[in-house]
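Input: a single structure, listed below in structure tokens.
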Ligand code: SF4
């Protein structure tokens with residue numbers, strides 16, 4: 001395998017977020033321990049739902065692209081080092097690294113080389129060969145090219161554990177401005193097909209689960225279709241789309257496509273120094289913005305918040321100084337204090353500092369005795385954060401005022417510290433921009449493309 005090709009395609013693949021959890025390339029100290037024939041940038045450590053680090057071979061099949069998305073360093077009009085791999089090379093590499101215990105699976109993506117069907121056919125062929133000829137049982141994530149034929153899209157779901165179609169921008173108007181030729185409707189059609197395939201396979205499996213077959217041989221005969229679901233990615237900060245727009249797009253995608261996750265990839269201006277005209281903003285978004293979007297996304301999915309509550313029309317961007325839940329609480333003093341000993345679960349979930357597990361513990365404990373302030377500490381609640389918003393046995397109004405003052409001081413200190421952090425990050429981005437002549441190789445360099 002040509003090491004240069006591998007490095008080019010592994011570096012380009014680092015621009016994609018949806019590998020299932022986010023962690024990054026192997027740290028330098030661990031990379032130094034890898035065998036000399038292994039390209040460390042091609043190993044991506046994904047974070048599983050249980051917190052386990054899962055190393056994946058993350059690579060592009062090709063970085064030649066027929067499209068010309070302004071925010072992408074691989075666009076047709078750019079001039080990065082180009083490379084493509086053959087199907088047999090990717091299969092051989094995956095099997096070899098898997099056998100040696102270097103990776104647990106493959107995350108395969110590609111730019112649109114020649115045309116969508118040609119590229120998708122090759123990606124499907126990699127997964128099919130791994131599964132059929134080599135009985136590969138490791139994890140496989142395939143990026144789906146939405147313009148590919150319906151048959152190829154279904155085949156991708158058949159052989160992969162997880163599939164993803166990257167929507168990138170929240171509306172067709174925004175795609176027209178930055179990614180000419182990309183159609184939101186086409187992306188939705190591809191996602192519809194994947195959603196239906198996943199639902200069908202799930203339904204068949206559900207029905208068979210109750211079959212009276214002690215040998216459980218039926219398990220092997222069940223249709224398999226992307227059992228780890230589908231995900232997508234939105235680009236943050238490549239245009240003036242507000243957080244409210246991005247979250248509304250994510251919310252609609254969760255509802256319509258039943259996605260496992262929406263990933264937010266912060267646009268890095270330094271990655272596209274030669275972008276056409278003045279289509280792109282001069283600066284990268286604050287690194288905190290991506291984090292706030294993930295927090296808001298989590299609140300939408302798990303805590304019953306709506307987009308309008310987190311990013312209302314008069315403040316469509318999430319505040320960077322405090323997390324979205326605390327920001328909502330500070331905007332809605334009428335909703336507090338909450339009586340921890342009486343409030344229902346959905347109200348408790350809105351208290352800053354209370355997570356789902358904390359609320360479950362509170363509900364269990366308060367069945368036996370009334371909770372006091374010291375009980376919150378025993379439940380591992382960040383007390384200084386939660387206390388100004390709650391009423392507890394023995395926690396009176398005077399204490400509430402004092403705690404509220406303490407909290408405001410604490411928030412002010414944090415906001416000052418975070419402003420410092422943001423300024424430092426912005427200056428380092430500017431330094432990177434001035435030295436960039438090719439797609440950057442930093443771990444956070446993710447100008448976010450559709451591959
Ligand atoms: S974002 Fe995707 S389609 Fe657009 S230029 Fe980059 S690789 Fe090609």
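Tabulated data for the structure shown
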{"item": "Any hit, the stretch 81-94, residues being within 16 Å of the ligand (Cβ to nearest atom), touching a residue at least 12 places away in the same chain (Cβ under 8 Å) and exposed (fewer than 15 other Cβ atoms within 10 Å of the Cβ)", "result": "yes"}
{"item": "So residue 182, is it within 14 Å of the ligand (Cβ to nearest atom), touching a residue at least 24 places away in the same chain (Cβ under 8 Å) and outside any helix (DSSP H, G or I)", "result": "yes"}
{"item": "Which numbered condition residue 296 fails, given (1) loosely packed, with under 14 Cβ neighbours inside 10 Å; (2) in a helix (DSSP H, G or I)", "result": "(1)"}
{"item": "Residue 106 away from the ligand (no atom under 16 Å from the Cβ), buried (at least 24 other Cβ atoms within 10 Å of the Cβ) and either assigned to a loop (DSSP other than H, G, I, E, B) or at pLDDT 95 or above (or both)", "result": "yes"}
{"item": "Residues being within 21 Å of the chain's Cα centre (by Cα), outside any loop (DSSP other than H, G, I, E, B) and either touching a residue at least 60 places away in the same chain (Cβ under 8 Å) or under 30 Å from residue 177 (Cα atoms) (or both) - total across the stretch 302-338", "result": "3"}
{"item": "Flag for residue 99 being out of contact with any helix residue (DSSP H, G or I) (no Cβ under 7 Å at 6 or more places or on another chain), assigned by TED's automatic domain parsing to the domain that holds residue 39 and in contact (Cβ under 8 Å) with a residue 40 or more places away in the chain", "result": "no"}
{"item": "Checking residue 51 against (1) surrounded by fewer than 19 Cβ atoms within 10 Å (Cβ to Cβ); (2) at pLDDT 90 or above; (3) closer than 24 Å to residue 139 by Cα, the condition it does not meet", "result": "(2)"}
{"item": "Residue in the stretch 13-34 that is within 16 Å of the ligand (Cβ to nearest atom) and modelled with pLDDT of 80 or more present", "result": "yes"}
{"item": "Residues located in the stretch 168-182, provided they are at positive phi and buried (at least 23 other Cβ atoms within 10 Å of the Cβ)", "result": "168"}
{"item": "One residue from 279, 253, 259 being touching a strand residue (DSSP E or B) at 6+ places or on another chain (Cβ under 9 Å) and in a loop (DSSP other than H, G, I, E, B)", "result": "259"}
{"item": "Boolean, residue 112 is within 10 Å of the ligand (Cβ to nearest atom), within 25 Å of the chain's Cα centre (by Cα) and crowded, with 17+ Cβ neighbours inside 10 Å", "result": "yes"}
{"item": "Subset of the stretch 374-409 that is in contact with a strand residue (DSSP E or B) (Cβ under 8 Å, 6 or more places away or on another chain) and at pLDDT below 85 - its residue that is surrounded by the fewest Cβ atoms within 10 Å (Cβ to Cβ)", "result": "394"}
{"item": "Hits in the stretch 168-179 (condition: within 16 Å of the ligand (Cβ to nearest atom) and in a helix (DSSP H, G or I))", "result": "172, 174, 175, 176, 177, 178"}
{"item": "Search result, residues across the stretch 38-80 that are in a loop (DSSP other than H, G, I, E, B), touching a helix residue (DSSP H, G or I) at 6+ places or on another chain (Cβ under 9 Å) and more than 16 Å from the ligand (Cβ to nearest atom)", "result": "38, 39"}
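Conditions tested, residue by residue: (1) at pLDDT 95 or above; (2) surrounded by 18 or more Cβ atoms within 10 Å (Cβ to Cβ); (3) over 21 Å from the mean Cα position of the chain (by Cα); (4) in a strand (DSSP E or B).
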| position | (1), (2), (3), (4) |
| --- | --- |
| 137 | no, no, yes, no |
| 140 | yes, yes, no, yes |
| 147 | yes, yes, yes, no |
| 151 | yes, no, yes, no |
| 157 | yes, yes, no, no |
| 163 | yes, yes, no, yes |
| 166 | no, yes, no, no |
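Let's see how each residue does on (1) modelled with pLDDT under 95; (2) out of contact with any helix residue (DSSP H, G or I) (no Cβ under 6 Å at 6 or more places or on another chain):
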site	(1), (2)
264	yes, no
267	yes, yes
270	yes, no
274	yes, yes
278	yes, yes
282	yes, yes
287	yes, no
298	no, yes
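The values are calculated or read from the model by the stated rules, or taken from the named source; none is laboratory data. Keep in mind that what you see is a predicted model, and the values were worked out from it rather than measured. Neighbour counts run over all protein chains shown; Cβ positions are idealised from the backbone, glycine included.
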